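Structure record follows, encoded as structure tokens.
Laboratory data are not the source of any read-out in this text; all were calculated from the coordinates shown. These numbers come from a predicted model, not from an experiment. Cβ: placed from backbone, ideal geometry, glycine included. Neighbour counts: every protein chain shown.
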Amino acid sequence: MKYNFDEIIDRSGTDALKQEALLPRWGRDDLIPLWVADMDFATPPFIMETLQKRCQHPILGYTNKPDSYYTAIINWVKKRYSWDIERSLISFTPGIVAGLAFAIKCFTSPGDKVLVMPPVYHPFFLVTKNEDREVIFCPLILKDRQYHIDFERFEEQVKNCKVFILCNPHNPGGRVWSAEELKRIASICAKNKVLVFSDEIHADLTFPPYHHTPFATVSEEAANNSLIFMSPSKAFNMAGLASSFCIIKNDSLRRIFKKFTDGSDLAEGHIFAFRSVEAAYNYGEEWLSQVLEYLQENINYTDRYLKEKMPRIKAIIPQASYLIFLDCRELHLSPKTLVDFFVDKAHLALNDGSMFGKEGEGFMRINIACPRIILTKALRQLEKAYHNTFE
Ligand SMILES: Cc1ncc(COP(=O)(O)O)c(C=O)c1O
């Protein structure tokens, strides 16, 4: 491999959330942090060099979005997802969660219903509730260690909703939805006049042989009835740059969204936002394929380790991204004692599954985007705690 993902990088002194929030959140800082979704690998050199080059200039003034920024996005989605888009369809958003919050404000009113499929990335329902919209939960079905959509329930529940927030691919659980599944969602939503916000932040981290399908590409009705949120932030480990974008095919939806973001000056971006996205998409293919290989190995390793040493904890193997949902229900612990077990006995900071909705109770989410030696240390700590507690 050209890139070294085994390198251990000390993040202290960089205000890294993963590290700095240990004490306030868990009351101790001697935990291996395997929670918030960024990677402990170096951000790719071609992105760092771009930022460093810009910093060499002595003036940090207002910044234009260069043509090359749009071209990089257009080329990336065409090459990877066979999706033809034009520049005018792209709107900058300062992060995907911010973009979703703007869209909720634009397209719904207080009291409106918004559907989500738990267990799901918690800001989907937190942002919605925060705007006084009602959240409708349509839980996924866990079968044979994979999540599936309960289409019958979805069709029934979505009828009275204004919006469905789709996580494509899904977090946690890592399901890459097939074109057929997305087509079915599109048809149900179009029939019931439910707008779809598709969060595709994990798309570029899809593992072969799975293939990511942008929601808007599955049918004409999907294209005309959706907002697609994308960003290189997860795949290229640049989440701190808060640079993402929304692709909206439908003219009138796009006009409403742009009026809101431009009117409140929310889409200006910042000096590091555009060239970094461009660098990721223009030069990132080789790095991405290598990081995916490393991540897949970490996933396989974790799965093997659990099967051999801790069979009552079962990994839900992600088809995309580096977050593994661990099914710990066979430990028969309450949500609080499960977290205490991971923190006080194993000395690990993971995400408590219940934060993704009550369907996540009994689960923990581990972030395996770290050097293998750290992952091994974490799994050994877990194994020791497991044997001391359960055997
Ligand atoms: C599905 C999903 N959407 C959005 C985000 C966060 O995106 P941003 O930092 O751009 O708001 C995450 C981060 O983990 C995520 O998993």
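Given the rule -39500 (n - 2.57) for each run of at least 4 DSSP H residues, summed and divided by the residues of the chain, what is its mean residue ellipticity at 222 nm, to the nearest 500 deg cm²/dmol?
-12000 deg cm²/dmol
Which percentage, to the nearest 5, of the DSSP beta bridges contained in the chain is antiparallel?
Just about 55 percent of them are antiparallel.
Give me, ordered by chain and number, the residues 5 or more places off Thr206 or on other chains with an amide H under 5 Å from its own placed amide H.
Placed amide hydrogens put Ser321 under 5 Å from Thr206.
Determine, for each peptide in 288-298, 273-283, the mean count of other beta carbons within 10 angstrom over its residues, then list the peptides with the highest first.
273-283, 288-298
Among Leu23, Leu333, Leu350, Leu182, which comes first, second and so on when ranked by fewest other beta-carbon atoms within 10 Å?
Leu23, Leu333, Leu182, Leu350
If you bin the C-alpha pair distances of the range 238-303 every 10 Å from 0, what whole percents do you get?
Per 10 Å bin, starting at zero, the Cα-Cα P(r) for the range 238-303 comes out as 17, 30, 29, 18, 7 percent.
Please report, in debye to the nearest 20, how large the charge dipole of the range 266-391 is about its Cα centre when each Lys and Arg carries +1 at its beta carbon and each Asp and Glu carries -1 there.
Roughly 480 debye for the range 266-391.
Under a 5 Å amide H to amide H cut-off, with H placed in plane at 1.01 Å, what residues pair with Leu348 once short-range neighbours are removed?
Ile32, Val343
Run through all the Cα pairs of the chain and give the fraction in each 20 Å bin from 0, expressed as whole percent.
Answer for the chain: a P(r) of 28, 59, 14, 0 percent.
Mind giving me the FRET efficiency for Asn160 and Lys2? R0 is 41 Å, r the Cβ-Cβ distance, nearest 0.05 is fine.
E between Asn160 and Lys2, to the nearest 0.05, is 0.20.
From the convex hull of the Cα coordinates of the range 60-282, what is the mean projected area in square nanometres?
So the mean shadow area of the Cα hull is 11.8 nm².
When you take every Cα atom in the range 302-360, what is the radius of gyration, and what is Dmax, the widest Cα pair distance, in Å?
Every Cα atom of the range 302-360 included, Rg and Dmax give 11.5, 31 Å.
How far is it, in nm, from the label point at Ala21 to the one at His57 when both lie 7 Å from their Cα along the line to the Cβ?
In this crude label model, Ala21 to His57 measures out at 3.3 nm.
Along the charge dipole of the chain, Cβ charges K/R +1 and D/E -1, which of Phe390, Tyr147, Phe274 sits furthest on the positive end?
Tyr147
Under the rule of at least 5 residues apart or a separate chain, name every residue whose amide H is placed under 5 Å from the amide H of Ser244.
Answer set, sorted by chain and number: Thr93, Gly95.
If the cut-off is a Cα-Cα distance under 14 Å, which aspartates and glutamates reach Lys377, setting aside same-chain residues fewer than 8 apart in sequence?
Candidates past the 8-residue exclusion: Asp6, Asp30.
Taking the number of other C-beta atoms within 10 Å as the exposure measure, put Ser252, Ser226 in order starting with the fewest.
Fewest to most other Cβ atoms nearby, the residues stand as Ser252, Ser226.
For the range 272-391, what is the Kirkwood estimate of the hydrodynamic radius, computed as the reciprocal of the mean inverse distance between distinct Cα atoms, to one decimal in Å?
Computed over Cα pairs of the range 272-391, the Kirkwood hydrodynamic radius comes out at 15.5 Å.
Using R₀ = 30 Å, calculate the FRET efficiency as 1/(1 + (r/R₀)^6) where r is the Cβ-Cβ separation of Glu330 and His148; round to 0.05.
The value I calculate is 0.90.
So what J values fall out for the range 192-201 if you push phi through Karplus, 6.51 cos²θ - 1.76 cosθ + 1.60 with θ = phi - 60°, rounded to Hz, Gly and Pro as x?
9, 6, 10, 6, 10, 9, 10, 8, 10, 5
Which whole-Hz couplings ³J(HN,Hα) result when phi for each residue of the range 345-360 is put into the Karplus expression 6.51 cos²θ - 1.76 cosθ + 1.60, θ = phi - 60°, listed in order with x for Gly and Pro?
Each residue of the range 345-360 in turn: 9, 9, 6, 10, 9, 10, 7, 5, x, 5, 5, 8, x, 5, 5, x Hz.
Given the Cα-Cα distance of Glu285 and Arg255 and 0.36 nm per residue of separation, how much length would full extension add, in nm?
Taking 0.36 nm per residue and subtracting the Cα distance, the gain is 7.5 nm.
Hey, got the dipole for the chain? About the Cα centre, +1 on K and R Cβ, -1 on D and E Cβ, debye to the nearest 20?
360 debye
Just want the ordering: Asp112, Asp340, from fewest to most Cβ atoms lying within 10 Å of their own Cβ.
Asp340, Asp112
Please label the shape of the range 1-157 as rounded, prolate or oblate, based on the square roots a ≥ b ≥ c of the eigenvalues of the alpha-carbon gyration tensor (a/c under 1.5 means rounded; beyond that, a/b larger than b/c means prolate, else oblate).
Because a/c hits 1.5 or more and a/b fails to exceed b/c, the range 1-157 counts as oblate.
Ordered by residue, what ³J(HN,Hα) values in Hz, to whole numbers, does the range 85-94 give under the Karplus form 6.51 cos²θ - 1.76 cosθ + 1.60, where θ = phi - 60° and Gly and Pro are x?
10, 10, 3, 5, 7, 9, 10, 5, 9, x
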